[in-house]
1. Report those strands (runs of 3 or more DSSP E) wholly inside the stretch 91-151 carrying at least 3 residues which are over 13 Å from Gly11 (Cα atoms) and touching a strand residue (DSSP E or B) at 6+ places or on another chain (Cβ under 7 Å).
2. Report, by residue number, each residue of the stretch 50-66 that is polar (S, T, N, Q) and either exposed (fewer than 15 other Cβ atoms within 10 Å of the Cβ) or without any contact (Cβ under 8 Å) to a residue 40 or more places away in the chain (or both).
3. With respect to Ala32, is the statement that it is in a helix (DSSP H, G or I), assigned by TED's automatic domain parsing to the domain that holds Glu98 and surrounded by fewer than 17 Cβ atoms within 10 Å (Cβ to Cβ) true?
4. Among the residues of the stretch 123-135, is there at least one that is over 19 Å from Glu212 (Cα atoms), surrounded by fewer than 17 Cβ atoms within 10 Å (Cβ to Cβ) and in the same structural domain as His66 (by TED's automatic domain parsing)?
5. Examine the stretch 243-252 for a residue that is within 20 Å of Gln318 (Cβ to Cβ) and hydroxyl-bearing (Ser, Thr, Tyr), and state whether such a residue exists.
6. Which residues, taken from the stretch 336-388, are part of a loop (DSSP other than H, G, I, E, B) and acidic (Asp, Glu)?
7. Exactly one of (1) within 33 Å of the chain's Cα centre (by Cα); (2) outside any strand (DSSP E or B); (3) over 26 Å from Ile237 (Cβ atoms) is unmet by Arg87. Its number?
Amino acid sequence: MEQLGYFHRHGEDFARPHDEVVLHDVLRANLASRYPELPPKAIEEAVAQISRPQGVDALRRNMAFHQMLVRGFELSVELPGRRREHRHVYPIDWDHPERNEFLVVNQLPVHGQNDRRPDIVLFVNGLPLVLFELKNPYSDQPTVEDAYNQVQHYCHEIPQVFAYNAVVVVSDGLTTLHGMWPAAMEWYAPWKSIDGFEIEPNTTGSMKTLVEGLFPKDRLLAYLHDFILFESIHDRITKKGAKYHQFFAVRLAAGKTLETVRAGTDKRIGVIWHTTGSGKSLSMVFLVGILRRAPELANPSFVIQVDRTDLDSQLHDQFVAARSLVGDVKHARSVDELRDMLRTEGGEVIFTTIEKFRLKTETGEVEHPVLSTRSNLIVIADEAHRSQYGFKAGFARYLAEALPNARRIGFTGTPISFSSADTVEVFGEVIHTYDIKQSQDDKATVPIFYAPRQIKLHLNRSDIDEALKEITEGYEVDELERRKSRWAALAEAAGAKERVE
């Protein structure tokens, strides 16, 4: 970590009450250096506000703190002449990593229900954002599960640490995983790439790859700012963080999007091919969260286009749960509703199926009307390869006619030949790949094996007739014959040679 520019200190080096985990002196000094116009009293008020997140439990305090960390907060400042002004204060300078204080502390004493010393705590501007729990690989049969279980004990014994914690790292020297502190062990994952393209062959991940892939200062700040989500469903809060393939793919896609906007020519962003079950929906959420805050896009709108109604509802529900990150979410349930939504200038997320980009033949339309000429409108297509048929005809043509300046990106979970597909014509080349082998190696998905079996039936004809007689007792003759005819037709269709083979 020192090679990445982090300062290293021992936990005993700090004179502080052990029941407090924020390094107030470090936070105070950093705020004073970044906001020299603020008087000392205002700096103290800012330190107090940052250090005391509100919430009825640790998870809600963590959510409140994370939102304040990312968005900043308004501070009422008393100026000379007893005049007051509001200043927006950020606990971290997200745009200039060098203006922040990165500190690694080992064996930090913390007083709670019991006195504990987490192995390593990573501080940014005095805020304890990352916790490492390490097990000695040379001790008696250590496991990464032991490290995870130790963190769960910390949650009960020193809960104040987790009001601020963003990421947890657990390792036994052989297996290294990262995750969110409220999550079950199954959601912890290895970080297996330094650059997003070369994948570490070791299926369990390594500390070296994690540190070099995630903890360069600019990358860590990007992860903290853009890749942590608190979902809210019926007052139930779930904290989620990106896996390495999502982090690299979404950053590439966001960069490509801004490139197309600056260039102003090619409207194709590209295609992300991540195997089904590896978190495509969450990747879309993170991408929208980044792009909606991009100054170059000036309050963009997003059209999330799927090709099936059931997927429309599933993906819509995922985005609704992530409203804190993606903003206002709308659902176009008809052609007219979609057209009305696209004619507005708001920065919302609109869900629709591809079929709603059709001609209204009942009114004599022969070409699709232009619904918006905005260049800050992003179309995100789920399972892009299935429903786009090129620009010569079909829904892709109508979508292009309706939104002539929109940028287009496709997501797919199915391996396809991009070089020969119309997908390239509509969306562009593949940006990032996470195939089924990588996903299974990372345990993001599990393999399904098909083994045919012959099922023998041991019912004889007389038993079947007796059971049928009992079931149909009381039926009129005509009704009984009608039902027997229907059952016979169904049995014939089910056992047809063409179907069985």
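The values are calculated or read from the model by the stated rules, or taken from the named source; none is laboratory data. All values reported here derive from a predicted model rather than from experimental measurement. Virtual Cβ from ideal backbone geometry, glycine too; neighbours counted across all protein chains shown.
1. Ranges flagged: 127-134.
2. Hits for the stretch 50-66 are Ser51, Gln54.
3. Considered against the rule, which asks whether it is in a helix (DSSP H, G or I), assigned by TED's automatic domain parsing to the domain that holds Glu98 and surrounded by fewer than 17 Cβ atoms within 10 Å (Cβ to Cβ), Ala32 comes out as yes.
4. no
5. No: zero hits.
6. Correct list: Glu345, Glu348, Glu365, Glu367, Glu383.
7. Going through the list (1) within 33 Å of the chain's Cα centre (by Cα); (2) outside any strand (DSSP E or B); (3) over 26 Å from Ile237 (Cβ atoms), Arg87 breaks only (2).
So that you can scan it fast, the table gives a plain yes or no per residue for (1) farther than 26 Å from Lys256 by Cβ; (2) of a type in the set (Ser, Thr, Tyr); (3) at pLDDT 85 or above:
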| position | (1), (2), (3) |
| --- | --- |
| Thr353 | no, yes, yes |
| Leu371 | no, no, yes |
| Arg386 | no, no, no |
| Tyr398 | no, yes, no |
